[in-house]
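Only one structure is covered here, and it is reproduced in the block below.
A short reminder: the numbers here are calculations on the coordinates, not readings from a lab. Being a predicted model, the structure only gives us computed values, none of them experimental. No Cβ is skipped: glycine too gets one built from the backbone with ideal geometry, and neighbour counts run over all protein chains shown.
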Amino acid sequence: MRDPLNSFIEAIPPSGIRRFFDMVAEMDDPEVVSLGVGEPDFDTPWHIREEGIYAITKGKTFYSANAGLMELRKEIAAYTNRHYGLVYDPASEVLVTVGGSEAIDACFRAMLDPGDEVIIPEPCFVSYKPCAVFAGAVPVVIDLQEKNEFKLQPEELEAAITDKTKLVFISYPNNPTGAVMNREDLEKIAEVVIRHDLFVLTDEIYSALSYGDDEFVSIASLPGMRDRTIVVNGFSKAFAMTGWRLGYATGPARVIKQMMKVHQFAIMCPPTLSQYAAIEALRNGEEDVQFMRNEYDQRRLFLLKRFEEMGIPCFEAKGAFYLFPCIKKFGMSSNEFAERILNEQKLAVVPGSAFGASGEGFLRISYAYSLRDLKRACERIEAFVSKL
Amino acid sequence: MTDKILTILEKNARIKIDDLANILGEDAVRVRQEVEKMESDKVICGYHTLINWDKVGQEKADALIEVKVTPQRGVGFDQVAERIWQYPEVSSIYLVSGNCDFVVLLQGKSMREIAMFVSEKLSTIDGVLSTTTQFILKKYKQEGFVVDSPRKDERQAIS
């Protein structure tokens with residue numbers, strides 16, 4: 001038989017997070033405490049779920065428009081304007097997708113020609129590089145540095161640019177590091193992007209989860225950036241709606257129009273029931289977001305303090321629901337550390353190296369867990385490192 | 001800081017001061033002082049354990065009793081209220097708007113104890129015109145907690 005496989009797809013390595021979860025599943029031990037999961041531990045707020053149920057009872061069970069319900073697109077445009085000062089036309093500049101993930105894939109396909117280079121700073125979520133490869137593009141990785149709190153530096157960007165570079169990918173607040181970039185940080189990046197006539201794809205799925213004094217700033221809102229930037233966001237993280245599979249892309253009409261083609265032929269339309277629930281989320285869900293953000297922030301402060309007490313260096317991440325402590329001083333790789341702490345203390349954390357080579361020497365700690373779980377986990381980390 | 005402390009304690013009275021300080025990013029000594037001050041100022045009136053007595057197999061009943069009274073000159077409802085709340089059987093009493101004047105909550109008594117309390121003590125108080133006793137048949141949610149609903153982490157491995 002001939003080789004049935006596409007050689008590019010075949011060459012993509014399996015996700016490092018996946019590999020680790022498989023190990024946890026194999027242990028099948030109820031005593032295992034996990035800080036591994038990257039999704040909110042909160043249920044979707046009831047009024048939003050109720051709206052989904054209502055949509056079912058009213059028989060809203062048909063396809064929607066390809067780009068999503070107009071009512072929802074209008075709410076998305078209003079939300080984006082209210083929170084980030086970005087103005088988009090609901091008819092031509094908003095595309096509702098199956099999670100932020102679909103939007104990223106559609107954006108790469110719509111913007112990149114084979115051989116185009118897309119700059120991807122790591123550590124980052126595991127899907128970006130494979131999606132770039134799906135589009136036939138060439139991912140060019142920048143290894144971000146802990147000393148810069150994992151913020152992309154203009155010099156790093158400048159050094160990665162070639163005459164094939166077309167798109168710069170950024171994602172802040174970041175999974176896995178929890179890093180955020182404030183206005184000043186982003187202005188320096190925008191300057192380089194404009195000077196080299198590049199475009200930006202920004203995954204802002206965690207935008208509602210930023211802590212501390214700086215308000216979240218979208219790079220698209222900086223002068224000269226709106227028409228160079230595709231913003232990806234969604235409902236999963238802000239409104240605890242992961243299973244509803246709903247995200248969106250906003251950007252200049254000429255790009256959204258082409259993304260729409262990828263979307264309409266591959267996906268047709270996002271789930272209609274979820275879209276009705278999402279309208280309710282945007283109209284009446286702000287208090288829920290505030291509540292959850294406050295809870296995450298308390299857990300974040302708790303963990304930072306505990307890592308300090310344990311003498312494990314951890315920069316003060318101000319976004320998403322992750323901390324990225326450095327375990328280099330224990331003289332083992334992230335993989336080894338994660339495997340040993342799983343076997344010896346029954347604690348599951350994801351090795352930083354699953355998110356790129358520059359994540360080596362770090363762990364991703366998710367605080368989408370109750371304070372009780374976090375306390376138990378810290379006790380196990382403490383017991384583990386005290387024996388090293 | 002006090003608002004934040006209270007919001008957390010309201011849901012988890014058993015949290016340790018050190019943990020409370022950590023999640024607020026505050027100094028533990030300061031947090032302890034704040035809590036103690038609120039206790040002495042009666043901002044924090046007490047700490048209460050929510051118990052599902054049904055699970056212990058004890059046959060205890062709870063009742064809501066609507067009470068109509070005649071308010072008295074000079075003291076309004078307060079004097080009658082005091083004559084009711086002084087009874088240790090009464091776990092809560094509220095002055096309410098609507099069809100009655102007070103709602104009195106009795107908790108953890110036998111049916112007979114409740115019946116005796118209403119007929120012999122409550123209804124004989126000067127100023128009490130009538131009572132309507134509603135036995136609680138089943139508790140679904142109490143003090144913000146859903147009764148008897150174990151929560152399982154439904155999140156699956158995904159990457």
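What's the long-distance tail for the range A:248-351, i.e. % of Cα pairs beyond 17 Å? Beyond 17 Å sits 73 percent of the P(r) for the range A:248-351. Taking a ≥ b ≥ c as the square roots of the Cα gyration tensor eigenvalues, with a/c under 1.5 meaning rounded and otherwise prolate when a/b beats b/c, else oblate, which class fits chain B? Judged from the Cα gyration tensor, chain B comes out oblate (a/c at least 1.5, b/c at or above a/b). Between the beta carbons of B:Arg14 and A:Glu336, assuming R0 = 45 Å, the FRET efficiency works out to 0.75 to the nearest 0.05. In the range A:186-237, the convex hull through the Cα atoms has an average projected area of 3.8 nm², a quarter of its surface area.
Checking the a/c ratio against 1.5 first, then a/b against b/c, what shape does the Cα gyration tensor give for the range A:122-262?
Rounded is the answer for the range A:122-262, as its axis ratio a/c remains below 1.5.
Rounded, prolate or oblate: which one fits the range A:186-274, using the alpha carbon gyration tensor with axes a ≥ b ≥ c (rounded when a/c is under 1.5, else prolate when a/b beats b/c, else oblate)? In terms of gyration-tensor shape, oblate. Exceedance of the 27 Å cut-off in Cα-Cα distance is limited, within the set B:Lys37/B:Lys60; A:Lys74/A:Lys257; A:Lys329/B:Lys4, to B:Lys37/B:Lys60; A:Lys329/B:Lys4.
With all projection directions averaged, the alpha carbon convex hull of chain A covers 20.4 nm². For the range A:324-374, the C-alpha radius of gyration sits at 1.12 times the compact-globule guess of 2.2 N^0.38 Å, with N the residue count. For chain A, the longest principal axis of the Cα atoms and the long axis of helix A:70-84 meet at an angle of about 60 degrees. In this calculation the C-beta distance from B:Gln156 to B:Arg83 is compared with R0 = 41 Å, giving a FRET efficiency of 0.10. Between the alpha-carbon centres of the range A:56-124 and the range A:334-364 there is a gap of 33 Å. Here the label points at B:Asp3 and A:Thr162, each 7 Å from Cα along the C-beta direction, are separated by 5.4 nm in the simple model. Annotation: the range A:18-145 has a Kirkwood hydrodynamic radius of 18.7 angstrom, from the mean reciprocal C-alpha pair distance.
The relative contact order of chain A, computed from alpha carbon pairs under 8 Å that lie at least 6 residues apart in sequence, is 25 percent.
On alpha carbon coordinates alone, what is the Rg over Rh value for the range B:53-142, Rh being the Kirkwood radius? Expressed as Rg/Rh, it is 1.00. Note on B:Arg112 and B:Ser149: with the Förster distance fixed at 25 Å, the Cβ-Cβ geometry gives a FRET efficiency of about 0.20.
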